[in-house]
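Visitor: Handing you a structure now.
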Amino acid sequence: MSPPTVPTDEQVLSEIKTFTSPLGRLKMLNAMRSKNNWVLSDARLKRLLAEANDSATLTHQDSSEPVDIVSLLTAYGNAVSVPWTQDLPTRPNATYEPDERCNLPPPILPANPLAAQLRFYEESTRFFILYGRGEYDYAVTLNSDVGIILLTFQERLLGFLKGKRMPLSVDQQRALNENGGVQTMFEYYEAAGKKAGIPASDVGRQFEAEYGINPLRWRTKEQNDPAWRKAYDGAKEAIHKKHTIPILKAMNQSQVVPRGMIPVDKSGNPVYDPKINGRFSLIITKVSKATGMECGDLPQN
């Protein structure tokens, strides 16, 4: 590894433009230090962030045709969170049986799972963490556009939970089960758990401990049918691709990312690579339970 370096202001300002999701300053600082091996203080980043924001405001005011990325992200969030079926249950599935095909005991969750998850997001460069049964937990990194949308869904969910006591009532759980944003959030937990080899029952148990509902318990027989889920995933991926391409194009045009970072074809349109831009293009990083240190990424399929 090369020795730590002190970046110029221009380098830091250029790096700031690559962050398209609303990260906290500490999270951005840690990401810059980790990615570039920089010696960078919080005070200096705070000053340069203010400078970058002033510059962005002037650029927006001078532009005759501003690219409204926020509207594109909002449209995507609305589209992907629309429930795919109206045949939703009024009570949990009484026949649900957790899949416990694992020799190790279930992971011990934090005393306050939601607070621990929110703290992890604030202190890490990753988006959320799943607890494994072995010696590792698994930190999950999302594409920035997906991250922004899930943060919006999470904010609404936290608003719903405010002032409510756990466990939630059946009526409260039903309201969450009918919420497309909550379903979308869980689907990313579920996809990450599958990539990490975590039993689905553990993922559902953790999500319920954090947000008050285990969506697996609310799935109907139809929703558990492999053919239905294949069609569902295909439809959601098509929605994701349809909305992601305009977002990538807008990001490229507005230069919120360095030019050349988003590949384009001869016509200047973004090249959609399912492995990079797909709905569940996730980076799963092993985290040692013993030390709390990251121990490398899992291979991406």
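Visitor: Can you compute the FRET efficiency between D225 and V39 using 1/(1 + (r/R0)^6), with r the Cβ-Cβ distance and R0 = 45 Å? Round to the nearest 0.05.
Guide: Once rounded, the FRET efficiency stands at 0.25.
Visitor: Follow-up. Which of rounded, prolate or oblate describes segment 115-230 when judged by the alpha-carbon gyration tensor and an a/c cut-off of 1.5?
Guide: Since a/c stays below 1.5, the shape of segment 115-230 is classed as rounded.
Visitor: Something else: In deg cm²/dmol and to the nearest 500, what is the mean residue ellipticity at 222 nm of the chain if only DSSP H runs of at least 4 residues count, each as -39500 (n - 2.57), divided by the residue total?
Guide: -16500 deg cm²/dmol
Visitor: Excluding residues fewer than 8 places away in the same chain, name every one of the lysines whose C-alpha is closer than 23 Å to that of K221.
Guide: The qualifying lysines are K194, K230, K236.
Visitor: How far apart, in nanometres, would the label points at D233 and N30 be if each is projected 7 angstrom from Cα along the Cα-to-Cβ direction?
Guide: 3.1
Visitor: Taking the Cα centre of segment 84-174 as origin, work out the dipole magnitude from +1 charges on Lys and Arg Cβ and -1 charges on Asp and Glu Cβ, in debye rounded to 20.
Guide: 360
Visitor: Between E178 and V271, what FRET efficiency follows from the Cβ-Cβ distance if R0 is 25 Å, with the result rounded to 0.05?
Guide: Calculated transfer efficiency: 0.10.
Visitor: Next question. Just E123, E15, E97 to compare: in a GNM of the chain, with alpha carbon springs under 10 Å, which one fluctuates most?
Guide: E97
Visitor: Give me I245, I213 sorted ascending by neighbouring Cβ count inside 10 Å, so fewest comes first.
Guide: Ranked by crowding around the Cβ, least crowded first: I245, I213.
Visitor: Which is farthest toward the positive dipole end of the chain among S41, S81, F186, measuring Cα position about the Cα centre, with Cβ charges +1 (Lys, Arg) and -1 (Asp, Glu)?
Guide: Of S41, S81, F186, it is F186.
Visitor: On a 0 to 90 degree scale, rounded to 10, what angle separates helix 42-62 from the longest Cα axis of the chain?
Guide: The two axes meet at around 80 degrees.
Visitor: Dividing the convex hull volume of the Cα atoms of the chain by its residue count, what figure in Å³ per residue is obtained?
Guide: 172
Visitor: I would also like to ask the following. Simple spin-label model, 7 Å along Cα-to-Cβ: A115 to A79 in nm?
Guide: A separation of 4.1 nm, rounded to one decimal place.
Visitor: Using a cut-off of 20 Å between alpha-carbon atoms, which lysines can reach K35, once sequence neighbours fewer than 8 places away in the same chain are excluded?
Guide: Of all the lysines, those that pass the test against K35 - Cα under 20 Å, at least 8 places apart if same chain - are K17, K27, K46, K286.
Visitor: Roughly what angle does helix 25-36 make with the longest principal axis of the chain, taking Cα atoms, 0 to 90 degrees, to the nearest 10?
Guide: 70
Visitor: Using the basic label-point model (7 angstrom from Cα toward the beta carbon), what is the A200 to Q11 distance in nanometres?
Guide: Here the modelled spin labels are 4.7 nm apart.
Visitor: Using packing as a proxy for protection, rank 232-242, 274-284 so that the peptide with the highest average count of other Cβ atoms within 10 Å comes first.
Guide: 274-284, 232-242
Visitor: Where is the GNM fluctuation largest for the chain (alpha-carbon springs, 10 angstrom cutoff): L13, L150, L142?
Guide: Of the options given, L13 has the highest mean-square fluctuation.
Since every read-out is calculated from the coordinates, none of them should be taken as a lab result. All figures in this text were calculated on a predicted structure; none of them were measured in a lab. Cβ atoms come from the backbone with ideal geometry, glycine included; neighbour counts cover every protein chain shown.
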